[in-house]
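The values are calculated or read from the model by the stated rules, or taken from the named source; none is laboratory data. Remember, it's a predicted structure, so these values are computed and weren't measured experimentally. Positions of Cβ are backbone-derived with ideal geometry, glycine not excepted, and every protein chain shown enters the neighbour counts.
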Amino acid sequence: MSNTYHLTTPLSEEDVTKLKAGDIVYLSGTIYTARDAAHKRLVDLIEKGEELPFPLEGAVVYFVGPTPPKPGEPIGSAGPTTSYRMDSYSPILIKHGLKGMIGKGKRNQEVKDACKEYKAIYFGATGGAGALLSKAIKKAEVIAYEELGPEAIRKLEVENFPVTVINDTYGNDLYEEGRKLYEKKED
Amino acid sequence: MRTIHYDDIVKSVKNMIMHTATNLPEDALKALKKAYEEEKSPVAKKVIEQLLENAEIAKTEKKPLCQDTGLAVFFVKVGQDLRIEGGTLKDAINEGTEQGYKEGYLRASTCDCFTRENLKDKIGYNLPAIIHFDLVEGDKLEIEYAAKGGGSENVSRARVLAPAQGKQGIINFVKEVISEAGPNPCPPIIVGIGIGGTFEKAAISSKHALFREAGSPNPDPELDKFEKEILQELNNLGIGAMGMGGTQTVLAVHIEKNPCHIASLPVSVNVQCHSSRHSHIEL
């Protein structure tokens, strides 16, 4: 039922359209971190027609605000934050080429519709597994908005970063489907 | 009259914060292992396996369990026959918090409500701490601490029910809150329920209920039965670990009950993610 894939960023339309909700994906390559404040700035730049701090085409964005790294570490603990706070910004980024988002928790209908229309994937990473997930991050570099601290945009080099497909390009939602399988209705 | 020095409190608070950030307490670990054994969904089982692995990595590599190292929440019991020397108790707890979060390489997560500006330079690193004081008999100082993350606070709710709604009304409200929360608070979760008192008393009780050892029996047999009934109802929702569907959504339900006004039935639901980082010291 569920397939496992190893994909390298940037993601192509072919990469994302073969994925189905529930599939497990190990991502490698470059991904970019952004939370609420950074998303607001990215969308402002798009609206003004200005250049973004990283190329959006095929990009994967990770919703994370890591802990400060200890000396010698590329990054601190780095698990996903709750994604709905990015819902009002994500469709615009998807429309401009974003192919993947990594977070945790539900997305709204506009995001799911954008994933379907413009072919993008919402991946879930395991929330609260920040120590484990940080091991898949080999390099980290702040590339924009350093003043935002944990909310700055970081360029991450990842190797086999483990995620699960929550919303695919066909309108499927793992949260809804998974829950239906185990829900016990009252008699 | 017994005396404790300000610096000793700072040091103890700092140590408990740094230790708690990387060491998942035994009760939470035990509850997760039980959930792993009992989970029917292979997808959810895999998630819980990652959580157990994460706890092991955090402990051995001294890396925070989660990047959301929370706001620092304290329940403090101060013996009436105790004197604090060298500064105020509140300042000592805040200073210990700042030192612990800084030296532990934990995240500073406090910000201004409107500008959203991080307050680490204005007020202090991850300050202010949230502190609830209680004055008690004796000459001891008891400090309970929890690192409370944002995801699970965001789905917490309080409501004042009509007395006629009774226990069934409480069950319905709690189910509504947890069902709506779905994957967002990082299940499997612990659910703290404060019943009675006034509006704010219910909320504080629901927070304090989370500090009890996960899954330990409620000393009140009626509440213990009620907790088990709610636990079953919530697990029937099928949300599962990280919301991907499963049988183990809630690790434990803890209730604290207070007498209330004849006109009201306040209920508060405070949710705790699976990374239930709390600790307790007595000085």
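Any chance you could count how many residues in the range A:86-129 are within 14 Å of chain B (Cβ to nearest Cβ), in a strand (DSSP E or B) and not basic (Lys, Arg)?
The qualifying residues number 5.
When you check residue A:174 against the structure, is it within 13 Å of chain B (Cβ to nearest Cβ) and either touching a Phe, Trp or Tyr at 6+ places or on another chain (Cβ under 7 Å) or closer than 23 Å to residue B:109 by Cβ (or both), yes or no?
The answer is no for residue A:174.
Surrounded by 24 or more Cβ atoms within 10 Å (Cβ to Cβ) and of a type in the set (A, V, I, L, M): is that true of residue B:265 in this structure?
Details: surrounded by 24 or more Cβ atoms within 10 Å (Cβ to Cβ): no; of a type in the set (A, V, I, L, M): yes.
Spelling it out, it is not the case that residue B:265 is surrounded by 24 or more Cβ atoms within 10 Å (Cβ to Cβ) and of a type in the set (A, V, I, L, M).
State the number of residues belonging to the range B:75-131 that are under 24 Å from residue A:78 (Cβ atoms), assigned to a loop (DSSP other than H, G, I, E, B) and among the basic types (Lys, Arg).
3
Specify which of the listed residues (B:17, B:57, B:9, B:48) is within 14 Å of chain A (Cβ to nearest Cβ), touching a strand residue (DSSP E or B) at 6+ places or on another chain (Cβ under 9 Å) and among the hydrophobic types (A, V, I, L, M, F, W, C).
Only one candidate qualifies: B:17.
Residue check: is residue B:149 within 14 Å of chain A (Cβ to nearest Cβ) and surrounded by 21 or more Cβ atoms within 10 Å (Cβ to Cβ)?
Against the criterion (within 14 Å of chain A (Cβ to nearest Cβ) and surrounded by 21 or more Cβ atoms within 10 Å (Cβ to Cβ)), residue B:149 qualifies.
Can you tell which of B:70, B:79 is in the same structural domain as residue B:98 (by TED's automatic domain parsing), touching a residue at least 24 places away in the same chain (Cβ under 8 Å) and over 23 Å from residue A:137 (Cβ atoms)?
Residue meeting the stated conditions: B:79.
Search the range B:195-209 for residues that are in the same structural domain as residue B:227 (by TED's automatic domain parsing) and farther than 9 Å from residue B:257 by Cα and pair each with any residue that is of a type in the set (Phe, Trp, Tyr) and buried (at least 20 other Cβ atoms within 10 Å of the Cβ) when their beta-carbon atoms are under 9 Å apart and the residues are at least 6 apart or on different chains.
Hits for this filter: B:204/B:75; B:207/B:75; B:208/B:75.
Every residue in the range A:52-68 that is more than 7 Å from chain B (Cβ to nearest Cβ) and either part of a loop (DSSP other than H, G, I, E, B) or over 30 Å from residue B:181 (Cα atoms) (or both), please.
Selection gives A:52, A:53, A:54, A:55, A:56, A:57, A:58, A:59, A:63.
Out of the range A:43-67, which residues are in contact with a helix residue (DSSP H, G or I) (Cβ under 8 Å, 6 or more places away or on another chain) and more than 18 Å from residue A:96 (Cβ to Cβ)?
Within the range A:43-67, A:65, A:66, A:67 qualify.
If you scan the range B:20-45, which residues turn out to be facing another protein chain (nearest Cβ under 9 Å) and part of a helix (DSSP H, G or I)?
B:21, B:22, B:42, B:43, B:44, listed by residue number.
Which of the residues belonging to the range B:183-192 are over 10 Å from residue B:271 (Cβ atoms) and under 16 Å from the mean Cα position of the chain (by Cα)?
Correct list: B:188 only.
Testing residue A:84 on (1) surrounded by fewer than 19 Cβ atoms within 10 Å (Cβ to Cβ); (2) more than 24 Å from residue B:183 (Cα to Cα), one condition comes back false. Which one is that?
(2)
Which one of these does residue B:53 not meet: (1) in a helix (DSSP H, G or I); (2) of a type outside the set (A, V, I, L, M); (3) touching a residue at least 60 places away in the same chain (Cβ under 8 Å); (4) under 30 Å from residue A:183 (Cα atoms)?
Condition not satisfied by residue B:53: (3).
Would you check if there is a residue in the range A:134-154 being touching a residue at least 24 places away in the same chain (Cβ under 8 Å), facing chain B (nearest Cβ under 8 Å) and surrounded by 24 or more Cβ atoms within 10 Å (Cβ to Cβ)?
Among the residues of the range A:134-154, at least one is touching a residue at least 24 places away in the same chain (Cβ under 8 Å), facing chain B (nearest Cβ under 8 Å) and surrounded by 24 or more Cβ atoms within 10 Å (Cβ to Cβ), which makes the answer yes.
Just to verify a result, which residue in the range B:52-99, among those that are basic (Lys, Arg) and over 19 Å from residue B:281 (Cα atoms), is surrounded by the most Cβ atoms within 10 Å (Cβ to Cβ)? Step through it out loud before you land on a result.
Initial filter on the range B:52-99 (basic (Lys, Arg)): B:59, B:62-63, B:77, B:83, B:90.
Add one more test, that the residue is over 19 Å from residue B:281 (Cα atoms), and what stays is B:59, B:62-63.
On the way: B:59: 15, B:62: 16, B:63: 25.
It comes out as B:63.
Out of the range B:138-150, which residues are closer than 22 Å to residue B:202 by Cβ and not in a strand (DSSP E or B)?
B:149, B:150
Evaluate the following for residue A:54: is it surrounded by 21 or more Cβ atoms within 10 Å (Cβ to Cβ) and not hydroxyl-bearing (Ser, Thr, Tyr)?
Against the criterion (surrounded by 21 or more Cβ atoms within 10 Å (Cβ to Cβ) and not hydroxyl-bearing (Ser, Thr, Tyr)), residue A:54 does not qualify.
Can you tell me which of B:213, B:200 is among the charged types (D, E, K, R) and touching an Asp or Glu at 6+ places or on another chain (Cβ under 6 Å)?
So the residue among B:213, B:200 that is among the charged types (D, E, K, R) and touching an Asp or Glu at 6+ places or on another chain (Cβ under 6 Å) is B:213.
Given the residues B:266, B:259, which is the only one that is outside any loop (DSSP other than H, G, I, E, B), in contact with a Ser or Thr (Cβ under 7 Å, 6 or more places away or on another chain) and more than 23 Å from residue A:107 (Cβ to Cβ)?
Criteria check complete, one pass: B:266.
Please go through the range A:29-39 and pick out each residue that is at pLDDT 95 or above and over 13 Å from the mean Cα position of the chain (by Cα).
If the condition is that a residue be at pLDDT 95 or above and over 13 Å from the mean Cα position of the chain (by Cα), then A:29 is the only one that fits.
What residue, of B:215, B:245, B:238, is in a loop (DSSP other than H, G, I, E, B) and free of Cβ contacts under 8 Å to residues at least 12 places away in the same chain?
Numbers: B:215 fails: free of Cβ contacts under 8 Å to residues at least 12 places away in the same chain; B:245 fails: free of Cβ contacts under 8 Å to residues at least 12 places away in the same chain.
Of the residues listed, the single one that is in a loop (DSSP other than H, G, I, E, B) and free of Cβ contacts under 8 Å to residues at least 12 places away in the same chain is B:238.
Just one of A:60, A:16, A:43 is in contact with a strand residue (DSSP E or B) (Cβ under 6 Å, 6 or more places away or on another chain), over 30 Å from residue B:58 (Cα atoms) and either without any contact (Cβ under 8 Å) to a residue 40 or more places away in the chain or of a type in the set (Val, Ile, Thr) (or both); which is it?
Of the residues listed, the single one that is in contact with a strand residue (DSSP E or B) (Cβ under 6 Å, 6 or more places away or on another chain), over 30 Å from residue B:58 (Cα atoms) and either without any contact (Cβ under 8 Å) to a residue 40 or more places away in the chain or of a type in the set (Val, Ile, Thr) (or both) is A:16.
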